1. Pairs needed: first member in the stretch 189-202, farther than 14 Å from residue 36 by Cβ; second member anywhere, of a type in the set (Phe, Trp, Tyr); C-beta distance under 6 Å; at least 6 residues apart or different chains.
2. Considering the stretch 186-243 alone, what residues qualify as being closer than 26 Å to residue 58 by Cα and over 20 Å from the mean Cα position of the chain (by Cα)?
3. Which residues, counting only those in the stretch 211-231, are open to solvent by 20 Å² or more (accessible area, probe 1.4 Å) and farther than 12 Å from residue 84 by Cβ?
4. Somewhere in the stretch 19-29, is a residue exposed (fewer than 10 other Cβ atoms within 10 Å of the Cβ), closer than 21 Å to residue 153 by Cα and not basic (Lys, Arg)?
5. Would you say residue 14 is surrounded by 15 or more Cβ atoms within 10 Å (Cβ to Cβ), polar (S, T, N, Q) and farther than 24 Å from residue 143 by Cβ?
6. Of these, 71, 97, which one is free of Cβ contacts under 8 Å to residues at least 60 places away in the same chain and not in a helix (DSSP H, G or I)?
7. Given the options 86, 55, 103, name the one that is outside any helix (DSSP H, G or I) and surrounded by 14 or more Cβ atoms within 10 Å (Cβ to Cβ).
8. Has the stretch 1-12 got any residue that is over 20 Å from the mean Cα position of the chain (by Cα) and at pLDDT below 90?
Amino acid sequence: MDKLSIIAIIGGLTAILAGQALEGGHLASLLQLTAFLIVIGGTASAVMLQSTPRQFVGGLRLLKWVFNPPEFGHEKMIAEVVRWSQHARKGGLLALEPFVAQQHDPFARKALQMLIDGAPPETLRSVLEVEVDMAEHARRQCARIWESAGGYAPTLGILGAVLGLIHVMENLSDPSKLGSGIAVAFVATIYGVGSANLFFLPVAGKLKHLIAAEVALKELVIEGVSAIAGGENPRIVEARLRGFLAIH
């Protein structure tokens, strides 16, 4: 569980509510169902319109990464690849057969099987890089729905403000209805700007970082099996793979 993400969300909401209280405002005035429906409902609809069903559902599923990010384990994978290299150097590529069943990651399993099958380094790299590129593209398309939501929400907030002001103008002759219209107008703007900058855009940024870490792990595997196929010394393999740790 990523406690920092939970603390960040709670901290952001607390800062807004505390600021409202310190200014002498009522916290209940920020609870406007009409504004919420306009901003969040409109944003969700806009995102669904621009996305395919697979991208939209995939983006929602990726949200769990923000609070419970996967452990990619670059250090562990480096140690595993070095172990492959050592066994291959002693007993040949066929000595790696027992390691295939031990791999829980389908990509690492496929890379190792191709290595055992005798694929040359160039073929290994080209085939596996295509798979990585396509997987990264699909992940980023799914994560982009949150970035898009961060762009639509402020605009929907302005739309909610305009609708609230229209309601005010229609009831100028009835002062009792002016307050609710003005409240919707300003609260909708808060919902739009706040949700974009405190949730949607940060979520998109974090997912991009996690996707980059996932891609780096797969590139690490590619570099490792290519080096083993090329007959490089295990120490050289390890030194090369440790370069991937510099960006994480």
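The values are calculated or read from the model by the stated rules, or taken from the named source; none is laboratory data. Owing to the predicted nature of the structure, the values given are computational and were not obtained by experimental measurement. All Cβ positions, glycine included, derive from the backbone under ideal geometry; neighbour counts span all protein chains shown. Ligands, DNA and RNA are stripped out before the accessible areas are found, and what is left, the full protein with its side chains, is counted by its heavy atoms. Shrake-Rupley method; radii C 1.70, N 1.55, O 1.52, S 1.80 Å.
1. Partner pairs satisfying both residue conditions: 200/146.
2. Filtering the stretch 186-243 for residues closer than 26 Å to residue 58 by Cα gives 191-222.
If the condition is that a residue be closer than 26 Å to residue 58 by Cα and over 20 Å from the mean Cα position of the chain (by Cα), then 191, 192, 193, 220, 221, 222 are the ones that fit.
3. Of everything in the stretch 211-231, those that are open to solvent by 20 Å² or more (accessible area, probe 1.4 Å) and farther than 12 Å from residue 84 by Cβ turn out to be 212, 214, 218, 219, 223, 230, 231.
4. no
5. no
6. None of the other options fit; the residue is 71.
7. Of the residues listed, the single one that is outside any helix (DSSP H, G or I) and surrounded by 14 or more Cβ atoms within 10 Å (Cβ to Cβ) is 103.
8. yes
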